[in-house]
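Written out below as structure tokens is the structure these notes cover.
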Amino acid sequence: MTAAPVATAPPAVAGRGLARSISAPQYFALAFGSVVGVAWIVILGDIVGKAGPGGAALALAIGGVAILLVAFCYAEMAARLPAAGGEMVYAHELGGAPAAYATGWTMALIYTAACAFEAISVGQLFGLLFPGIEGPVLYRLLGADVHLGGVLCGAGCALALAVLNAAGTRGTARAQAWVTCVRIALMLAFLGVAIAWADPANLRPLVPGATAPAQVAAFLSVLGTAPFWFAGFNVTATASEEAGTSMRSAGRAIVVAVVGAAIFYITLVFAITALVPRGVLTGLALPAAQAFEIALGGPGVARLVMITAVLGNLTAWNALLMAGSRVFFALGRARLSPPGFARINGRGTPIAGVLLVTAATLVALPLGRGFVLPIVNLTSACFGVVYVVTCVALLRLRRDGSRAAFTAPGGTPLVVTAAIASLAIAAVALVQPWFASAGAVPPEWLTLGGWLLLATLLWLAGRRSFAAVTDAERRRLLHGDADRATSDGAISRRRPAPPARPDHAHR
């Protein structure tokens, strides 16, 4: 049988690569900005009401440790394979083109849905910060009103972020870092005020419930939401090809971001709960902000908290847009989608990916707030799946004894534990909507099923062209600059590429 023709790199990327300009502090800003978004200002009262400050803080601490294990695996994988596709590249190491394709489209769903979440949320935040800006109600969908002003605010921010990203990675990363610095300063300021005005009596009881089983049940209900609080740190994996620093430093930045997020969340729980009695706190729409207004008798600090939330929304959105555009870029570069997806502009930005994610965000924006919870559950489940892919791929790459610039501590037991925790995250996020929907088919399942159907049809339509690229050539395209030697010795002994064969051999 004649060998399948070997494809060359798409013209759109030939002779031009992604800009290698992201520093270690900017990696921290990407990860922290994505993890600590707006959830804390909305959900705080709910988790404290269920499990009390002690139970909520313990659940967040345990969830943070579980995600930290996964973050260690991501940091090592980014050092081993610093390529724009992130988890998509890791999946190719496990199952060739089909695995890379499935993972790539799953990541595309995650980032486009998450950007839609941020676009919908920013309209609500602006409406609370500037009363009246949301404007008239256009219609009601999925149990929530859709306001004209909210849609326009979301669309305006989407276009502004698209322009920022199109201007180049260097400027985008710098903007992310500066805004994150401002956010951290504001967080420290209002946490300091909360601690100064705290009344320890408001913390009692630390864990509510008349019986021990009731206390445990309340704690577990919050523990199930903990992974959502830390989701998003893995956006750094898709930006690893653009590192302007050593992968050792980039890996440390990822880990520090997750630890910093955990410290902020736990401190926030105790500080805000101590401001006002719990019965008052749990009745507030935005407890993290309104508690200050009640405790201090004025709106000044509350508005500071709201401004911090808006900035958090924008940094999370920017990081997600960057990640989603790199996934579409990697799909095109690997010839697992139209090659035009891999187009890069003169500033080293994957401009086609930026436009695709922005367009999808604008299309989803009119769905309104009723679609927010399904997005949360859907992305949490998908994140759990790709976490498993990353951990299993790391176990496979470690077989040959090679060492990366950043190595996850704890050896194989840590990676296996991280994989098990990731499976649990995916299972809980997938099953929970079924119980919440009282037997009806959850919108999360419908959305995921529709996306998988679309991805399957696209695979069947394009599998002949996909199979025209050999496994070795697709591996080269996926890796981009990852196989080039780096000054910091990213991998001391790299695994050789497998012999060339058509990717259809995997099927």
*Could you work out how far the C-alpha centroid of the stretch 241-293 sits from that of the stretch 394-411, in angstrom?*
31 Å
*Based on the Cα coordinates of the stretch 117-205, what is the per residue volume of their convex hull in Å³?*
164 Å³
*asked:* If I fit a long axis through the Cα atoms of helix 247-273 and take the longest principal axis of the Cα atoms of the chain, what angle between them do I get, 0 to 90°, rounded to 10?
replied: 20 degrees
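Over the stretch 268-381, with the other protein chains present, what is the accessible area per residue in square angstrom, probe 1.4 angstrom? Please report the intermediate quantities before stating the final value.
Numbers: 3350 Å² over 114 residues.
Result: 29 Å² per residue.
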_Angle between the chain longest axis and helix 443-467 axis [Cα atoms, degrees, rounded to 10]_ = 10 degrees
*Surrounding net charge for Trp229, when Lys and Arg each add one and Asp and Glu each subtract one, Cβ distance under 15 Å*: 0
_Residue-normalised accessible area of the stretch 102-230, given per residue in Å² at a 1.4 Å probe_ = 45 Å²
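Suppose all protein chains stay in the model; what accessible area per residue would a 1.4 Å probe give for the stretch 27-76, in Å²?
Working: 950 Å² over 50 residues.
Per residue, the stretch 27-76 has 19 Å² of solvent-accessible surface.
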*asked:* As a test of the formula, what do you get for the chain when each DSSP H run with n ≥ 4 contributes -39,500 (n - 2.57) and the sum is divided by the residue count, at 222 nm and rounded to the nearest 500 deg cm²/dmol?
replied: -23000 deg cm²/dmol
*Amide H to amide H under 5 Å from His147: which residues, 5+ apart in sequence or cross-chain, H placed 1.01 Å off N in plane?*
Leu138
_Over the stretch 305-401, what is the relative contact order in percent, taking alpha-carbon pairs closer than 8 angstrom and at least six residues apart?_
18 percent
*asked:* What whole-number distance in Å separates the alpha-carbon centres of the stretch 309-376 and the stretch 166-187?
replied: 18 Å
*Environment charge of Leu286, counting only residues whose C-beta is closer than 12 Å and scoring Lys/Arg +1, Asp/Glu -1*: -1
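With contacts defined as alpha carbon pairs under 8 Å and 6 or more residues apart, what's the relative contact order of the chain in percent? List each step's numbers first, then the result.
Details: 896 pairs, mean separation 165.5, N = 507.
Contact order relative to length: 33 percent.
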*Using every pair of alpha-carbon atoms in the stretch 12-110, split the distances into 5 Å bins beginning at 0 and state the percent of pairs per bin, rounded to integers.*
2, 10, 11, 18, 18, 15, 10, 8, 5, 2, 1, 0
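I'd like the carbon and sulfur percentage of the solvent accessible area for the chain, probe radius 1.4 Å, heavy atoms only, ligands and nucleic acids excluded.
Values: 13430 of 19410 Å².
Accessible surface attributable to carbon and sulfur in the chain totals 69 percent.
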*Specify the angular offset, from 0 to 90 degrees and rounded to the nearest 10, of the alpha carbon long axis of helix 372-397 from the longest principal axis of the alpha carbons in the chain.*
50 degrees
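The values are calculated or read from the model by the stated rules, or taken from the named source; none is laboratory data. Computed from a prediction, not measured in an experiment: that's the story for all the values here. Positions of Cβ are backbone-derived with ideal geometry, glycine not excepted, and every protein chain shown enters the neighbour counts. Ligands, DNA and RNA are stripped out before the accessible areas are found, and what is left, the full protein with its side chains, is counted by its heavy atoms. Shrake-Rupley method; radii C 1.70, N 1.55, O 1.52, S 1.80 Å.
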